[in-house]
Amino acid sequence: MTNIIEIKNLVKKYDNRFTLGSIDLEIPNGVIVGLIGENGAGKTTLIKSILNILKIDEGNIKIFNKDFNKEENTIKEDIGVVLDNMFFPEILTPKDINIVMKDIYKKWDEELFKKYLNDFGLNINKQIKTMSKGMRKKLEIATSLSHHPKILILDEPTSGLDPVVRNEVLDIFLDFIQDEEHTILLSTHITSDLEHIADKIIFINKGKILLDKNRDDLLDNYGILKCDIDSFDTISKEDIIVYKKNKYNYEILVDNISKIKKKYKNFIVDKITLEELMVLMIKGVK
Amino acid sequence: MLGLIKKDLLIIKGNIKVAILFVIVFALMSSEGNEILYFVPVFLSTMLFMSTFSYDDYNKWDAYVCTFPSGRANIVKAKYSASLILTFVAIIITYILGIVMGSFNNNLDFSKINSIICGVLFAMILLQSIMFPLLFKFGAEKGRIGLFIGIVLISSLLGLLLNSLTIKIPGNVIKTFNDYWFIILPLIMIIMLFISYKISKKIYLNKEF
């Protein structure tokens with residue numbers, strides 16, 4: 001599988017307050033990559049850095065095997081983007097968006113845009129400001145898809161949406177990924193979304209990548225061992241990735257769950273959810 | 001770039017009703033020879049164009065537009081182009097209104113209309129040349145305040161300077177200007193816009209959203 005995005009040594013500094021990186025990242029063709037992390041972890045900064053909305057301090061970005069610095073506009077012809085609360089001025093209508101985008105993207109497909117509007121139940125003459133949050137999000141997604149992009153980059157595309165609309169949106173992404181040439185990079189703090197659709201999970205915390213694994217490897221191999229406070233010392237230190245002490249018990253993040261289950265037969269070892277993994281990695285002690 | 005120009009013109013189209021209402025009210029007010037009418041369309045067009053920056057800021061358009069395959073320099077170029085298109089439309093409207101009003105009041109004077117419109121156009125191009133770099137640098141809200149403070153400061157300083165110094169403009173300079181104003185004035189406007197564009201472009205190329 002070839003890499004569609006390759007990032008090397010990316011560093012972005014915000015005064016002394018926050019530093020993203022150094023980030024090394026490879027995203028293969030034809031997958032959905034989920035970027036997870038708590039608020040302020042650096043997900044949006046990473047996405048904005050990739051798209052040159054923010055100026056990176058160091059590093060190199062290659063997309064479609066092309067140097068982003070040299071061929072930014074050519075590369076952007078094939079990228080569809082949905083950002084969190086950043087879109088067309090709300091006085092405009094979908095009809096206006098179509099008029100504008102026809103002259104922005106070489107491959108803008110007016111018919112496809114209208115089809116999406118129709119499928120999503122959006123009125124072409126309705127001003128954005130009169131739309132509900134779910135409708136706006138669908139419009140943003142329709143706009144991002146209508147120039148036949150090969151990559152979708154989405155920052156928090158499901159945040160603030162009710163479960164019904166969220167599922168509809170996730171279905172749109174699954175539909176997009178049916179084409180093997182298509183790739184999605186998607187940031188979210190709603191980790192349950194990713195458990196259904198993502199192939200690869202990247203966990204980012206305080207500007208650094210803590211985990212970069214296939215979803216199945218992650219969910220099949222990682223687990224939580226729960227033990228009472230007195231039994232904690234019987235757990236071998238080398239089996240503990242991180243642990244969290246609760247009022248009555250310990251929660252221990254473990255790898256290679258089948259081996260751990262055999263080794264600690266008297267303890268409960270559960271499969272982990274992405275949310276539990278995220279909380280343990282952030283709050284846990286090494 | 002064309003798409004970006006269209007986007008600003010579409011925003012203005014959304015607010016055009018209010019602008020037309022203003023022009024009608026002022027046209028009625030000036031029916032007895034009040035020359036304020038000549039300033040209204042061009043001034044309104046500049047104000048309307050300023051509002052596109054407010055809409056952009058409110059919806060964080062700048063971050064979004066940076067994901068387009070247009071390039072940042074073209075984003076700046078599109079703003080200047082859309083603003084100039086609007087200014088020229090406003091000038092044509094002013095011209096037509098001037099002729100209509102002149103005919104209505106039986107005092108149609110083309111040379112008077114021409115000279116007033118040239119003055120208005122020059123003032124608006126000067127205003128836009130100062131306004132754009134400020135809006136690109138500080139955004140719509142702070143940029144507007146900066147523009148206001150800037151204009152007050154510059155006009156006060158100029159007023160003070162002109163009062164305290166007795167500058168005598170040589171007669172041949174005035175004669176050259178009178179003979180060639182139709183070349184000199186557009187040239188100065190082009191230079192002002194060019195310098196303004198270069199400054200705005202530099203600001204925008206390095207800006208983060």
What's the number of the condition B:Tyr204 fails, among (1) within 14 Å of chain A (Cβ to nearest Cβ); (2) not in a helix (DSSP H, G or I)? (2)
Of A:Ile282, A:Ile260, A:Ile268, the only residue that is more than 30 Å from A:Gly160 (Cβ to Cβ), surrounded by fewer than 18 Cβ atoms within 10 Å (Cβ to Cβ) and aliphatic (A, V, I, L, M) is A:Ile268
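Condition check ((1) within 16 Å of B:Phe138 (Cα to Cα); (2) of a type outside the set (A, V, I, L, M); (3) assigned to a loop (DSSP other than H, G, I, E, B)) across all residues:
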residue	(1), (2), (3)
B:Pro41	no, yes, no
B:Met50	yes, no, no
B:Asp56	yes, yes, no
B:Ala63	yes, no, no
B:Thr67	no, yes, yes
B:Ser70	no, yes, yes
B:Val76	yes, no, no
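Residue-wise test of (1) within 30 Å of A:Gln127 (Cβ to Cβ); (2) in the same structural domain as A:Thr183 (by TED's automatic domain parsing); (3) under 21 Å from the mean Cα position of the chain (by Cα).
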{"residue": "A:Ile53", "(1), (2), (3)": "yes, yes, yes"}
{"residue": "A:Asp67", "(1), (2), (3)": "no, yes, no"}
{"residue": "A:Gly80", "(1), (2), (3)": "yes, yes, yes"}
{"residue": "A:Met86", "(1), (2), (3)": "yes, yes, yes"}
{"residue": "A:Glu90", "(1), (2), (3)": "yes, yes, no"}
{"residue": "A:Thr93", "(1), (2), (3)": "yes, yes, no"}
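For every residue, the table says whether it meets (1) over 18 Å from B:Gly3 (Cα atoms); (2) modelled with pLDDT of 95 or more.
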{"position": "A:Val81", "(1), (2)": "no, yes"}
{"position": "A:Thr93", "(1), (2)": "no, yes"}
{"position": "A:Asp96", "(1), (2)": "no, yes"}
{"position": "A:Lys102", "(1), (2)": "no, yes"}
{"position": "A:Gly134", "(1), (2)": "yes, no"}
{"position": "A:Ser144", "(1), (2)": "no, yes"}
{"position": "A:His147", "(1), (2)": "no, yes"}
{"position": "A:Leu152", "(1), (2)": "yes, yes"}
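Could you list, in sequence order, the residues of the stretch A:138-158 that are in a helix (DSSP H, G or I), within 13 Å of another protein chain (Cβ to nearest Cβ) and under 26 Å from A:Asn3 (Cβ atoms)?
Initially, the stretch A:138-158 is screened for residues in a helix (DSSP H, G or I), giving A:138-145.
Checking which are within 13 Å of another protein chain (Cβ to nearest Cβ) leaves us with A:139-140, A:143-144.
Scanning the stretch A:138-158 gives a single hit, A:Ser144.
Can you tell me how many residues within the stretch B:1-17 are in a helix (DSSP H, G or I) and more than 7 Å from chain A (Cβ to nearest Cβ)? Reasoning before the result, please.
Restricting attention to the stretch B:1-17, the residues satisfying the condition of being in a helix (DSSP H, G or I) are B:2-17.
Next, from what is left, pick out any that are more than 7 Å from chain A (Cβ to nearest Cβ): B:4-5, B:8-9, B:12-13, B:15-17.
The number of residues fulfilling the criteria is 9.
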Does A:Tyr105 satisfy being assigned to a helix (DSSP H, G or I) and in the same structural domain as A:Leu83 (by TED's automatic domain parsing)? no
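Only one of these is surrounded by 16 or more Cβ atoms within 10 Å (Cβ to Cβ) and outside any helix (DSSP H, G or I): A:Leu117, A:Leu122. Name it. Can you show your working first?
Values: A:Leu117 fails: outside any helix (DSSP H, G or I).
The unique qualifying residue is A:Leu122.
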Flagged in the stretch B:18-52 as more than 14 Å from chain A (Cβ to nearest Cβ) and among the hydroxyl-bearing types (Ser, Thr, Tyr), in numbering order, are B:Ser30, B:Ser31, B:Tyr38, B:Ser45, B:Thr46
Note on the stretch A:191-209: residues under 11 Å from the mean Cα position of the chain (by Cα) and in a strand (DSSP E or B) are A:Lys200, A:Ile201, A:Ile202, A:Phe203, A:Ile204
Tally the residues that are within 26 Å of A:Leu218 (Cβ to Cβ), without any contact (Cβ under 8 Å) to a residue 40 or more places away in the chain and part of a strand (DSSP E or B), restricting the search to the stretch A:14-66. 2
Count - residues of the stretch B:152-209 that are under 30 Å from B:Ala140 (Cα atoms) and of a type in the set (S, T, N, Q): 5
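The values are calculated or read from the model by the stated rules, or taken from the named source; none is laboratory data. What you are looking at is a predicted structure, and each value in this text was computed from that prediction instead of being measured. No Cβ is skipped: glycine too gets one built from the backbone with ideal geometry, and neighbour counts run over all protein chains shown.
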